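Visitor: Right, I'll just put the structure down here and ask away after.
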Amino acid sequence: MSSNSAPAAHASTGPDISGPVMPSRNRFRLGFQWLSIAPFIIFALMFLAAPTVSLLVQAFTDRAGNFTIENFRGLASDQIVSAYTISIQVSAASAVMGAVFGLLIALALIRGSLPDGLRGAVMTFSGVASNFAGVPLAFAFIATLGRLGLVTLIMRDVFGFDLYRTGFTLFSFWGLTLTYLYFQIPLMVVIIAPAVDGLKREWSEAAETLGASKWHFWRYVGLPILWPPFLGTLSLLFANAFGAIATAWALTGSNLNIVTVLLYNQIRGDALQNPGLGAALAIGMIVITSVANVIYLVVAKRAERWMK
Amino acid sequence: MKQNRLWAWIIIALAAIYFIVPLIATFIFSLRMRRGVLSFDSYVSVFSDPRFFSSFGYSLGIGAFTIVLGVLVVVPAVYYVRLRMPWLRPVMEFVTLLPLVIPALVLVYGYIRLYNSSSWIPFTGSVIGTDILLICACMTLALPYMYRAVDTGMRTIDINTLTEAAQILGASQWTILSRIVFPNIFVAVLSGAFLTLAIVIGEFTIASLLNRPTFGPYLVTVGTNRAYEPSALAIISLLVTWGAMGMIQLLARFAPKTARKD
């Protein structure tokens with residue numbers, strides 16, 4: 001967004017500073033400069049690029065060390081396809097619901113003329129809750145909606161409604177989605193709030209003066225402006241849920257057939273009995289989260305062009 | 001306007017139910033260890049387990065090293081890229097977003113492949129090597145947050161003017177970085193540090209696959225073997241997270257606001 005204008009602004013101040021400096025010091029500074037960036041580059045190569053490339057190579061290599069695409073054919077097995085399917089369903093559902101509810105909460109807080117103190121409290125809570133993921137979150141939901149969870153028992157004993165007789169379990173699609181929403185919604189609130197703040201009050205007043213209804217304002221001004229950050233956060237939430245394992249693992253142990261649990265078991269003890277297939281499984285995960293981000297970039301580009 | 005406020009209240013009320021009920025339920029559940037009465041027995045049980053303290057302390061140690069490493073790697077890089085190589089900024093933004101796109105599980109899979117005991121850098125061949133690998137892995141997870149915290153800090157101070165002024169006064173590059181830039185972004189770095197700490201303490205996947213006794217794997221062990229202690233641990237973890245986030249909020253008030261418009 002602002003990255004286009006930033007280099008130009010810096011370029012104009014650049015020569016002024018380095019102009020009067022002696023050439024020898026300049027070379028020294030150049031050395032220092034690269035020395036400062038080198039750790040970052042080395043780190044990125046060693047811990048981001050190299051592991052990914054190594055998995056990519058492995059995914060295209062068979063046991064004898066020759067090039068093959070057989071590993072990716074192997075992904076078509078029933079177990080793996082269903083693991084990917086459940087993972088994508090849970091991630092998509094929790095991302096979309098998290099994004100929509102998060103946006104609604106942000107709108108209510110910022111444009112609903114609620115007391116000021118409430119906003120601060122909700123933002124602080126969102127900061128905490130978006131980081132309250134993983135194992136402790138699973139424990140909290142087991143204590144709440146597990147078979148012996150407090151809410152389950154109260155619903156059964158007080159309202160005579162046995163949740164588990166309806167086929168609900170925490171390990172099912174809805175159970176997992178409901179649990180993931182606990183960190184997805186707050187994350188959306190934290191990220192989208194600045195964008196909602198950016199909708200100036202003057203704009204709705206201007207629209208009203210021109211005879212626009214509330215619906216017109218949101219249809220032609222509000223939502224188009226919120227659309228790119230909304231989609232951006234949506235893809236982030238998707239990747240967030242798709243890569244999550246700690247919550248699912250603590251909820252269910254190794255029973256749940258989602259792709260992260262499958263890969264975890266593969267890393268632990270070669271559960272698929274084929275290292276190449278494991279690498280292909282991992283590469284498949286990167287492809288899916290990347291696709292989510294590419295979709296966002298394309299839509300955001302179109303939305304930006306349309307906004308001009 | 002009246003109607004406008006009503007829908008806002010309804011949304012907030014629904015959200016409050018969804019977010020507060022599990023907390024209350026977990027808390028009450030954690031108090032029911034002794035049959036028939038509410039008691040803090042499960043907390044007593046947790047705090048009398050030496051593994052609770054050893055694993056928590058171990059995670060804190062890993063977190064401290066992660067923060068130091070993160071600061072040493074990120075701060076100089078962000079500073080020079082902002083000052084001299086702004087064309088590199090989009091690349092840096094992209095790189096620091098990668099840990100959010102590549103799942104942690106996939107990264108650790110790559111590490112185990114690449115740095116096993118028979119490889120050219122056998123990190124996992126020794127305990128200390130595995131610890132170093134764990135620290136680097138945690139730093140990868142924290143990179144997006146650390147980068148953004150430092151970058152925001154740099155944006156609020158005018159590093160061009162500060163650097164020029166220091167250079168005119170004869171300061172060396174190292175002096176500028178350590179005694180002028182760093183103190184000015186210290187508050188921002190601290191907020192990144194607390195976020196890093198929260199991430200490291202909650203981390204399960206990497207530590208468990210590297211077989212290191214951090215807090216995350218300890219929690220899972222308790223979760224599979226005990227009934228009431230997990231809820232007590234969930235409440236304790238929530239308080240720890242709350243503490244870390246509370247520190248960030250508190251620090252935000254002390255952030256220097258000396259900058260001109262960026």
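Laboratory data are not the source of any read-out in this text; all were calculated from the coordinates shown. Quantities reported herein were computed from a predicted structural model and do not represent experimental measurements. Note that each Cβ is placed from the backbone with ideal geometry, even for glycine, and that neighbours are counted across all protein chains shown.
Visitor: State whether the stretch A:75-307 is rounded, prolate or oblate according to the following rule on the C-alpha gyration tensor (a ≥ b ≥ c being the square roots of its eigenvalues): a/c under 1.5 gives rounded; otherwise a/b larger than b/c gives prolate, and the remaining case gives oblate.
Guide: oblate
Visitor: With a 10 Å cut-off between alpha carbons and a GNM built on chain A, which of A:SER172, A:SER94, A:SER77 moves the most?
Guide: A:SER77
Visitor: Using a 10 Å cut-off on Cβ to Cβ distances, tally the other chain neighbours for every residue of B:15-28 and report the average as a whole number.
Guide: Working: counts 12, 3, 0, 5, 9, 1, 4, 12, 6, 4, 13, 10, 3, 3.
Mean partner shielding for this stretch: 6.
Visitor: Order these by the 10 Å Cβ neighbour count, fewest first: B:GLU229, A:GLU202.
Guide: Arranged by neighbour count, lowest to highest, B:GLU229, A:GLU202 become A:GLU202, B:GLU229.
Visitor: Separate question: Taking amide H positions as placed in the peptide plane 1.01 Å from N, state which residues far from A:THR61 in sequence (5 or more) or on other chains have amide H under 5 Å from it.
Guide: Distant-sequence amide H within range of A:THR61: A:THR68.
Visitor: Going by alpha carbons, how many degrees (0 to 90, nearest 10) lie between the helix axis of B:104-114 and the longest principal axis of chain B?
Guide: Approximately 70 degrees, to the nearest 10.
Visitor: While we're on this one: Mind sorting A:PHE47, B:PHE94 by how few other Cβ atoms lie within 10 Å of their own Cβ, fewest first?
Guide: Going from least to most buried by this count: B:PHE94, A:PHE47.
Visitor: Within 10 Å, count the other beta carbons around each residue, average over each peptide in A:128-136, B:154-162, and list them highest first.
Guide: A:128-136, B:154-162
Visitor: Quick one: angle between helix B:186-202 and the longest Cα principal axis of chain B, in degrees between 0 and 90, rounded to 10, please.
Guide: Result, in degrees: 30.
Visitor: Under 10 Å, Cα contacts only: if you run a Gaussian network model on chain A, which one of A:GLY276, A:GLY112, A:GLY253 comes out with the highest mean-square fluctuation?
Guide: Highest fluctuation of the listed residues: A:GLY112.
Visitor: Once you've got the GNM for chain A with C-alpha springs shorter than 10 Å, pick whichever of A:THR177, A:THR247, A:THR52 has the biggest mean-square fluctuation.
Guide: Of A:THR177, A:THR247, A:THR52, the Gaussian network model singles out A:THR52 as fluctuating most.
Visitor: Can you run phi through the Karplus equation (6.51, -1.76, 1.60; θ = phi - 60°) for the stretch B:157-173 and list ³J(HN,Hα) in whole Hz, with x for Gly and Pro?
Guide: Here the 3J(HN,Hα) series is 10, 8, 5, 4, 5, 4, 5, 4, 4, 5, 5, 4, 7, x, 6, 7, 4 Hz.
Visitor: Now for a separate question. log₁₀ I(q)/I(0) of the stretch B:55-182 at q = 0.11, 0.18 Å⁻¹, via Debye over equal Cα point scatterers, no solvent, to two decimals?
Guide: Evaluating at q = 0.11, 0.18 Å⁻¹ gives log10 I(q)/I(0) of -0.50, -1.03.
Visitor: Now, a different point. Which whole-number percent is the relative contact order of chain B (Cα, under 8 Å, 6+ apart)? Present the calculation step by step, with values, prior to reporting the outcome.
Guide: On the way: 259 pairs, mean separation 74.3, N = 262.
Averaging sequence separation for qualifying contacts and normalising by length gives 28 percent for chain B.
Visitor: Within the stretch A:42-64, which residues have the backbone N less than 17 Å from the label spot 7 Å out from B:SER118 along Cα→beta-carbon, could you tell me?
Guide: From the stretch A:42-64, the list is A:58, A:62-64.
Visitor: Which order do B:MET139, A:MET46 fall in if you start with the one that has the fewest other Cβ atoms within 10 Å?
Guide: Ranked by crowding around the Cβ, least crowded first: A:MET46, B:MET139.
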